[in-house]
Amino acid sequence: MAGAPFVAGAQVLVYIGAISVLILFAIMLTQTKDAPSGLVFQTQAVPAAIAALVLALLIGVTVTATEWPETAERIWTDTEAVAVALFSDFVLPFEVVSVLLLAAVIGGVFIAKRERKEPG
């Protein structure tokens, strides 16, 4: 289990990137052209800037007030063994999950882009 933190970090980075790209594509593909020009979130720039400054100040105070211990001794992580395990033993589960996620995104885009028939 020496490679577990490495695998966890890699999975978090990969999936955060993948989910953010999927969300961006979903937003780009499902925007309607008849939306109002001044959306609600476009009028909240000043409160968002104030909240960002307060959050930055809070993080700065927390970081400077924390007593940071010395770094611990690093453990050796054999990334080659982790890579061999990921790309040999766990390739099929990874590909199955990726195909399921792709099918879910395609289904979501299809449902969002479907033209609604007006009664009449």
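Please treat every number below as a calculation from the coordinates, not as lab data. All figures in this text were calculated on a predicted structure; none of them were measured in a lab. Because the Cβ atoms are built from the backbone with ideal geometry, glycine has one as well, and the counts that use them run over all protein chains shown.
Worth a mention:
- Phi angles of the stretch 88-100 translate, via the Karplus equation with coefficients 6.51, -1.76, 1.60 and θ = phi - 60°, into HN-Hα couplings of 10, 7, 10, 6, 4, x, 5, 5, 5, 5, 5, 5, 5 Hz per residue; Gly and Pro are given as x.
- With a Förster radius of 25 Å applied to the beta-carbon distance between T43 and A18, the computed FRET efficiency rounds to 0.20.
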